[in-house]
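Structure, as structure tokens:
The values are calculated or read from the model by the stated rules, or taken from the named source; none is laboratory data. Everything numeric in this text was worked out from a predicted model, so none of it was measured. Note that we place each Cβ from the backbone using ideal geometry, even for glycine, and neighbour counts take in every protein chain shown. Heads up: the accessible areas ignore ligands, DNA and RNA and are worked out on the full protein's heavy atoms, side chains in. Shrake-Rupley method; radii C 1.70, N 1.55, O 1.52, S 1.80 Å.
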Amino acid sequence: MPRKLIAAAAQMGPISKTETRADAVARLIEMMREAKGRGCELVVFTELALTTFFPRWMIEDEAELDSYYEREMPNSATMPLFDEAKKLGIGFYLGYAELVVLNGVKRRFNTSILVNQSGEIIGKYRKVHLPGHAEPQPERAFQHLEKRYFEPGDLGFGVYKGFGGNMGMAICNDRRWPETYRVMGLQDVEMVMLGYNTPFGHVGEQAMDSLTLFHNHLSMQAGAYQNATWVVGTAKCGNEEGSAMGGQSVIIAPSGEIVAMAVTVEDEVITASCDLDMGETYKQTVFDFGGHRRPEHYGLIVERPEAIPPS
Ligand code: CDV
């Protein structure tokens, strides 16, 4: 009996600065209902799905900055999403900015949670790879101040039992790093869920920037194939406050093939029936980690500077 999980990526078009949490949650609920109508048990929302992508601005007023973060989850604004999920019997991945106060010190994370079909949080992840910079760069039309507004996640890349399989999470820039998938691959992950906000022209080098959408898929397809896992990648996209962001949300099979892809840069639900056993063929052959991986021979990660001969 194959383990089939019908999953959705609920891509979001832009969220303007003036949109409230209630506005964003209403959009998420509408897509959740659509996903349920198509038989889905899981819907993957995007990174920072409740607000505009605020790291594009230098925000000096602390109260204003704080207004973009959630201090608890669920809270009064997101409770309707949890309630609807429970009512429909559908789980979800949700990205948001998290503010925790520990011993009087504010700590800020770019976070995602995994919620089961009963509306319970069964997994939490805090983004490890934070792109951009900590200080504003005057020459840029838009800042990317994730290094200023978040600290690197302290929860590691966990894998959670749920939805009949082994579920993992990542957030946006994490998808470009092979270790993101490999750490979860070593825990036998069967589906990696991730949301992203990827502005065009981020690097400022035309040759690289023109490949933004190619690199988006390249990294997720490679991660899926090399770790024999499904990947659901969900964009926030379109023109958000003048910043154009890439879409092309995807559901990728353990073969590395894209099985569903969004075609707009707006709110759009894509779905696929994912056989969670599909990766097994790869795990028993080409990617039999136990049989073929040789970490003890990789050498480079062993720090032995005295063993390197002087040049
Ligand atoms: N939100 C992100 O992490 N965005 C980065 C951009 C800035 C390169 C990304 O990797 O898509």
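A few remarks follow.
One line per residue, one yes/no per condition, for (1) within 14 Å of the ligand (Cβ to nearest atom); (2) in contact (Cβ under 8 Å) with a residue 24 or more places away in the chain; (3) touching a Pro at 6+ places or on another chain (Cβ under 9 Å):
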{"residue": "V100", "(1), (2), (3)": "no, yes, no"}
{"residue": "G119", "(1), (2), (3)": "no, yes, yes"}
{"residue": "E151", "(1), (2), (3)": "no, yes, no"}
{"residue": "W177", "(1), (2), (3)": "yes, yes, no"}
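- Within segment 121-149, the residues that satisfy the criterion of being assigned to a strand (DSSP E or B), away from the ligand (no atom under 15 Å from the Cβ) and either open to solvent by 30 Å² or more (accessible area, probe 1.4 Å) or hydroxyl-bearing (S, T, Y) (or both) are I121, I122, K124.
- For segment 152-199, residues that are among the charged types (D, E, K, R) and closer than 30 Å to G242 by Cβ total 3.
- A262 being open to solvent by 10 Å² or more (accessible area, probe 1.4 Å) and under 18 Å from the mean Cα position of the chain (by Cα): no
- Checking segment 26-37 against the condition returns no match, with no residue being in contact with a strand residue (DSSP E or B) (Cβ under 6 Å, 6 or more places away or on another chain), open to solvent by less than 10 Å² (accessible area, probe 1.4 Å), acidic (D, E) and touching a residue at least 40 places away in the same chain (Cβ under 8 Å).
- Qualifying positions in segment 198-211 - away from the ligand (no atom under 13 Å from the Cβ) and among the aromatic types (F, W, Y): none
- Scanning segment 150-174 for residues that are assigned to a strand (DSSP E or B) and either within 19 Å of A97 (Cβ to Cβ) or of a type outside the set (K, R) (or both) turns up V159, Y160, G162, G165, N166, M167, G168, M169, A170, I171.
Let's see how each residue does on (1) at pLDDT 95 or above; (2) closer than 28 Å to E266 by Cβ; (3) more than 10 Å from the ligand (Cβ to nearest atom):
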position	(1), (2), (3)
N173	yes, yes, no
G185	yes, no, yes
E190	yes, no, yes
Y196	yes, yes, no
L213	yes, yes, yes
N216	yes, yes, no
Q221	yes, yes, yes
G233	yes, yes, yes
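- Single unsatisfied condition, L50 versus (1) in contact with a Pro (Cβ under 9 Å, 6 or more places away or on another chain); (2) crowded, with 21+ Cβ neighbours inside 10 Å: (1)
- Checking L102 against (1) open to solvent by 60 Å² or more (accessible area, probe 1.4 Å); (2) modelled with pLDDT of 95 or more; (3) not hydroxyl-bearing (S, T, Y), the condition it does not meet: (2)
- Scanning segment 154-171 for residues being within 16 Å of the ligand (Cβ to nearest atom) and open to solvent by 20 Å² or more (accessible area, probe 1.4 Å) gives a total of 1.
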